[in-house]
Amino acid sequence: MIRAAAVRGLLALFAGLGQAAALAPEPNWALQVGSAALFWALLPDRRPPAAALLGLLFGTAWLAGSVWWLFISMHVYGGLPAPLAVLAVALLSMALSLYLALAAAAFVRWRGDGRGVLAPALLAAGLWTLAELARGVLFTGFPWGAAGYAHVDGPLSALAPWVGVYGMGLVAALAAALVGLAVAALRRRAWRPALAGGLAAAVLLAAAPLARQDFTTAAGRLPVTLLQTQVPQDEKFRADRLPDVLAWLAEALQSAPDGLVVAPETAVPLLPVDVPPGWWAAVLTAFTPPGRAALVGLPLGDEVGGYTNSVAGLVGGQAPYRYDKHHLVPFGEFIPRGFRWFTELMNIPLGDFDRGGLAQPTFDALGQRLAPNICYEDLFGEELAAGFAADPARAPTVLVNLSNIGWFGDTVAIDQHLQISRLRTLELQRPMLRATNTGATAVIDHQGRVQALLPTTARGALRAEVEGREGLTPFARWAGRFGLWPLAALALALVGLGAAGSRRGAGGVAAGAPP
């Protein structure tokens, strides 16, 4: 018994690592479904505590395998001793996995004696989705590594403009549960439910591409120059490096061809009053002629009014536009209550920023309505969608992400963030411009395709052209108005249907032989 439990635990860890590997550097939807199917196949029949432990092991391996690069920010740049940094990543991953552990325990508890596959699969998909939603929303949310990102190039990508990344994850969880429960049925020699589960999963994945539809129309083309500043994080605030950084940035902004120029998050690492005399005046002058505009990341504010992580829009020789980051990063841009002791262990110049509003106005320039978002914010598609539903006639035509993930080195975090941005373009059917410090600086079209890309960790300018888009996807309409509540309600309904069907013992497709 102990040996069998140990084997299950090791397999759960292996399956969790498979979830992480499915997300990046290249998304692999088949691996995501397969590793999730292994997880469901491993769950015991009637032992909620054992199921919760497997869920915790699976989720911890999944999350640690996805965000291990947090170690770099804490140890390499923060000076936290390596054992403590490893422990911090492990504890964070375990804490975020508690949602999935509860989902696994509830599945075993509510599954009942049914030996079919459909009702338990509905129950599993609903619980999985509730766990993902909880991780992505509660306590400001940490949705990095959500299962749906593995499907940005797969058949379920057709569902993105309808149901978003979590809805894609729900359908993937349903397919995985059908396969996993079919495997469990095979172990019991229950041939009919095993065959039914496998066929149902195949039909589900094969039918998904039929939902593909373009909800938007072209809204003109825009030449763009995206700057990649390549400032190592440990040099970003050094006084002896600032003159070189600011000189290169000013030259790149001034010499860029006509069109939109975008510099990344905190490309100017100083408040405007602290930059060298004449620096801002020279930059603003470069954007006096018509046909030129820029978006530049920098901190704004003062000691009295507070500080924000912001974007300034430059056009007509002025800086008339300001966007303030709304969704701040815990520990990076604000310190959660009760955790100041942890941040004091590290030597990192952490921000204590104020929060900008949701659905801020667009930057209207060069015939486009440009909607900036800063770094971590493009993980929250429902918050970006709020800018579409507020006034559909004034919805953004182009999304612009300004990022700095130099904190995490040249790691898979860069690839993961690119896949996240690609998913946002599918949900909202808008192109995304990405201007970053170390990568990935890219132009992504409204169908999630990377049109142009700079090599990572290299200073340079990416020149390309982007096509703006008009029109609203179903996801933009419902998520922009109601957030993720409709999807949570659907997941709860699936849990109710699945639990009721399982209690009846029929299992929904076919009854199997007793274990």
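Every number here is computed from the coordinates shown, using simple stated rules; none is lab data. These numbers were taken from a predicted model, which means no experiment stands behind them. No Cβ is skipped: glycine too gets one built from the backbone with ideal geometry, and neighbour counts run over all protein chains shown.
Before moving on, here are some points about what is shown:
- Scanning residues 5 or more positions from Val400 or on other chains, those with amide H under 5 Å from its amide H are Ala371, Asn373, Leu433, with H placed 1.01 Å from N in the peptide plane.
- Cβ charges +1 (Lys, Arg) and -1 (Asp, Glu), total dipole of segment 116-228, debye: 420 debye
- Here segment 217-472 is treated with +1 on each Lys and Arg Cβ and -1 on each Asp and Glu Cβ, and its dipole about the Cα centre works out to around 460 debye.
- On Cα atoms only, tilt of 2-21 relative to the major axis of the chain in degrees: 30 degrees
- Modelled label reach - Trp248, point 7 Å along Cα→Cβ, segment 416-460 residues with backbone N closer than 17 Å: 435-442, 454-460
- Scanning residues 5 or more positions from Ala190 or on other chains, those with amide H under 5 Å from its amide H are Ala513, with H placed 1.01 Å from N in the peptide plane.
- From least to most packed, judged by other beta carbons within 10 angstrom and beginning with the fewest, Leu118, Leu123 follow the order Leu118, Leu123.
- Net +/- balance of residues flanking Ala51 in space, Cβ distance below 12 Å, scoring K and R +1, D and E -1: +4
- Going from the fewest other Cβ atoms within 10 Å to the most, the residues Leu494, Leu38, Leu84 appear in the order Leu84, Leu38, Leu494.
- Summed over qualifying helices (DSSP H, 4 residues or more, each -39500 (n - 2.57)) and divided by its residue number, the chain shows a 222 nm mean residue ellipticity of -15000 deg cm²/dmol.
- Taken about its Cα centre, the chain carries a charge dipole of roughly 2460 debye when the Cβ of each Lys and Arg holds +1 and the Cβ of each Asp and Glu holds -1.
- Cα-based shape type of segment 217-472, given that a ≥ b ≥ c are square roots of the gyration tensor eigenvalues and the cut on a/c is 1.5: rounded
- Cβ-based charge dipole, the chain, positive-most Cα from Phe287, Gly406, Ala499: Ala499
- Taking a ≥ b ≥ c as the square roots of the eigenvalues of the Cα gyration tensor, segment 161-250 is classed as oblate, since a/c reaches at least 1.5 and a/b does not exceed b/c.
- Part-to-part distance (alpha-carbon centres) for segment 177-222 and segment 17-36, which is given in Å: 16 Å
- Degrees, to the nearest 10: 485-503 long Cα axis against longest axis of the chain: 10 degrees
- Sorted fewest first by neighbouring Cβ atoms within 10 angstrom, Ile405, Ile444 come out as Ile405, Ile444.
- Evaluating 6.51 cos²θ - 1.76 cosθ + 1.60 at θ = phi - 60° for every residue in segment 439-444, the Karplus couplings come out as x, 8, 7, 7, 10, 10 Hz, glycine and proline recorded as x.
- Taking the centroid of alpha carbons for each part, segment 450-475 and segment 266-301 are 22 Å apart.
- Rounded to 10°, Cα long-axis angle of helix 191-207 versus longest principal axis of the chain: 20 degrees
- Placing unit charges on each Cβ (+1 for Lys and Arg, -1 for Asp and Glu) gives the chain a dipole about its Cα centre, and among Gly387, Gly317, Val7 the Cα reaching farthest toward its positive end belongs to Val7.
- Gln451 long-range amide H proximity, modeled H, under 5 Å: Val443, Ile444, Asp445
- Prolate/oblate/rounded call for segment 236-324, Cα gyration tensor, a/c under 1.5 rounded: oblate
- Each residue of segment 398-412 was assigned a 3J(HN,Hα) from its phi angle through the Karplus curve 6.51 cos²θ - 1.76 cosθ + 1.60 (θ = phi - 60°); the sequence is 9, 9, 10, 9, 10, 10, 9, 10, x, 4, 10, x, 8, 10, 5 Hz, with glycine and proline shown as x.
- Share, in percent, of DSSP beta bridges within segment 217-472 that are antiparallel, nearest 5: 65 percent
- Exposed-site-free run, longest, the chain (rule: GluC sites (Glu not before Pro); DSSP loop; at most 14 other C-beta within 10 Å): 1-302
- Each residue of segment 461-472 was assigned a 3J(HN,Hα) from its phi angle through the Karplus curve 6.51 cos²θ - 1.76 cosθ + 1.60 (θ = phi - 60°); the sequence is 10, 9, 9, 7, 9, 10, 9, x, 9, 10, x, 10 Hz, with glycine and proline shown as x.
- Sequence ranges 16-25, 197-206, 74-83, ranked by mean other-Cβ count within 10 angstrom, highest first: 16-25, 197-206, 74-83
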